[in-house]
Amino acid sequence: MRKNAIIFISLAVLSFGLLGCPPKEGGGAGTGASGGADILVGEYGSMTGPQATFGQSTHNGIMMAADEVNAAGGINGRKIKVLSEDDQSKQEEAANAVTKLISQNNVVAILGEVASSASIAAAPICQSAKVPMITPSSTNDEVTRKGNFIFRICFTDSYQGEYQAVFADGWCTANNKPKNVAMLTDVKSDYSQGLAKVFSAKFGTLGGKIAGTQSYANGDSDFHSQLTAIKGTNPSIIYVPGYYTDIGQIAIQARDLGITAPLLGGDGWESPRLIEIGGKSLEGCFYTNHYFYADPSPVVSSFVQKYKERYKQTPDALAALGYDAMKTLADAMKRAAKLDGPSIRDAIGQTKGLVGVTGTINIDANRNATGKKLVIEEIKNGQLTLKATIDPATGGKVVMNDGAAPSTTPSTATSTTTH
Ligand code: PHE
């Protein structure tokens, strides 16, 4: 209800803005680089608020990629200029940010958001203005169903969630534990709800049982009552598909209550703040992710080195995805017949075999990236370590990093969904 109202108001503001100021081909006024005016690209993200590191890391990755493209001649001689808007980790602000980028700044394309609920709030605005949007990292299946101008370069939750279930199943077997998992989900997040659905369905088909589901709303600070109920079901694993700020608190409170079961989560745990907040309580916990920073492959190690030199920190997955999203957009703009929304949209849709830090980018007919790699990380001695890798190019098996026997491939998992 609230979401619909936000979309309605934003669309109204947007049509008003467009009437007053029709978009020009190739974006609004730039600074006049040698090959023509700068090409304006919009970015919206959570630079502040409870998911601040999502937006900050993504921004760093985007800027590094844009600078590289510009240094190498830009888009057929024209430079990219990124205009960034902070949505403060709020869905309604995400819609406002996108409206502003389109109607006031005349951007030709938009990168963002990280959180799926924010992408879902803003995507209809991009769609109705025919401005292509690429989300670097929103995994909820619904995001790219918002229209034919909406793309993603990360895997989906139907992919991520199934592999989490396969991993949980394998972990219970390897540790002689009953296949009994409790879930704690965020009612305010499309991401959390979507993942819980996929995970529980897949875990069920593998013979596992969901002992019970408790919920919270992001921003809550007291999780004791939910965790007490969970403790009563004596789960082998607690599945928590949430975001890092909440996860850190949940882990601390779970250990306070004497719960020793590992927590298992998704990419939403990824943040330099995760271990800072959760500390020792996160030891032995696992989450799925888009890349592992210490992957020795040349493409990852050269990205990590360049990023460290520039920002004096280790890039997380958001930085890598932001970088890949900008590179995907730049590649499409170079190939586009014209720099207008429909032409850029067509070119993004034709992306094939683009080598990215998070894997090779191939966009399918549903505007999702197919065949992306997935890693499972474990928090060990206060560090992120690689537990397992799944690479669709080599059969999609869960390959354990310690050489243990690989688990079976999920029967229905693909990196995209077609339903
Ligand atoms: N996949 C999350 C979502 O859709 C966002 C996210 C991606 C967070 C990658 C961290 C790392 O909401």
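The values are calculated or read from the model by the stated rules, or taken from the named source; none is laboratory data. All values derive from a computational prediction rather than experimental measurement. Positions of Cβ are backbone-derived with ideal geometry, glycine not excepted, and every protein chain shown enters the neighbour counts.
What do you reckon, is SER119 in a helix (DSSP H, G or I), assigned by TED's automatic domain parsing to the domain that holds SER271, among the hydroxyl-bearing types (Ser, Thr, Tyr) and at pLDDT 95 or above? Criteria not met by SER119.
For segment 78-91, the condition of being closer than 12 Å to ALA330 by Cβ, of a type in the set (A, V, I, L, M) and assigned by TED's automatic domain parsing to the domain that holds THR135 holds for at least one residue.
Looking at LYS387, LYS338, just one residue is of a type outside the set (A, V, I, L, M) and in the same structural domain as ILE102 (by TED's automatic domain parsing), and that residue is LYS338. Quick check on segment 231-248: of everything there that is of a type outside the set (Val, Ile, Thr) and out of contact with any helix residue (DSSP H, G or I) (no Cβ under 7 Å at 6 or more places or on another chain), which residue is nearest to THR53 (Cα to Cα)? Result: ASP246.
Among the residues that make up segment 244-257, is at least one of them surrounded by 24 or more Cβ atoms within 10 Å (Cβ to Cβ), in the same structural domain as LEU386 (by TED's automatic domain parsing) and more than 24 Å from GLN88 (Cα to Cα)? Yes, segment 244-257 contains at least one residue that is surrounded by 24 or more Cβ atoms within 10 Å (Cβ to Cβ), in the same structural domain as LEU386 (by TED's automatic domain parsing) and more than 24 Å from GLN88 (Cα to Cα). Among the conditions (1) among the aliphatic types (A, V, I, L, M); (2) assigned by TED's automatic domain parsing to the domain that holds LEU40; (3) surrounded by fewer than 24 Cβ atoms within 10 Å (Cβ to Cβ), the only one that ALA294 does not satisfy is (2). Restricting attention to segment 132-150 and to residues that are more than 13 Å from the ligand (Cβ to nearest atom) and surrounded by fewer than 24 Cβ atoms within 10 Å (Cβ to Cβ), the residue that is nearest to GLN350 (Cα to Cα) turns out to be ASN148. Taken over segment 41-56, the residue count meeting the criterion of being closer than 14 Å to GLN88 by Cα and buried (at least 24 other Cβ atoms within 10 Å of the Cβ) is 7. Does at least one position in segment 93-111 carry a residue that is outside any helix (DSSP H, G or I) and either free of Cβ contacts under 8 Å to residues at least 24 places away in the same chain or within 14 Å of the ligand (Cβ to nearest atom) (or both)? Looking through segment 93-111, at least one residue is outside any helix (DSSP H, G or I) and either free of Cβ contacts under 8 Å to residues at least 24 places away in the same chain or within 14 Å of the ligand (Cβ to nearest atom) (or both). Among the residues of segment 305-338, those identified as among the aliphatic types (A, V, I, L, M) and within 14 Å of THR58 (Cα to Cα) are ALA317, LEU318, ALA319, ALA320, LEU321, ALA325, MET326. Considered as a group, the residues in segment 228-260 that are away from the ligand (no atom under 15 Å from the Cβ) and touching a residue at least 60 places away in the same chain (Cβ under 8 Å) include one that is nearest to the chain's Cα centre (by Cα), and that residue is TYR239. For segment 196-230, the set of residues classified as surrounded by 16 or more Cβ atoms within 10 Å (Cβ to Cβ), part of a helix (DSSP H, G or I) and among the polar types (S, T, N, Q) consists of SER200, GLN226, listed by residue number.
With respect to the stated conditions, ASP186 fails to be surrounded by 20 or more Cβ atoms within 10 Å (Cβ to Cβ) and either away from the ligand (no atom under 16 Å from the Cβ) or modelled with pLDDT under 95 (or both). Looking at segment 263-358, none of the strands (runs of 3 or more DSSP E) lying wholly inside it contains 3 or more residues that are more than 16 Å from the ligand (Cβ to nearest atom) and touching a Pro at 6+ places or on another chain (Cβ under 7 Å).
Rundown of residues vs (1) more than 18 Å from the chain's Cα centre (by Cα); (2) of a type outside the set (S, T, N, Q); (3) at pLDDT 95 or above, yes/no style:
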| site | (1), (2), (3) |
| --- | --- |
| THR156 | no, no, yes |
| GLY161 | no, yes, yes |
| ASN180 | yes, no, yes |
| GLY194 | no, yes, yes |
| PHE199 | no, yes, yes |
| THR213 | yes, no, yes |
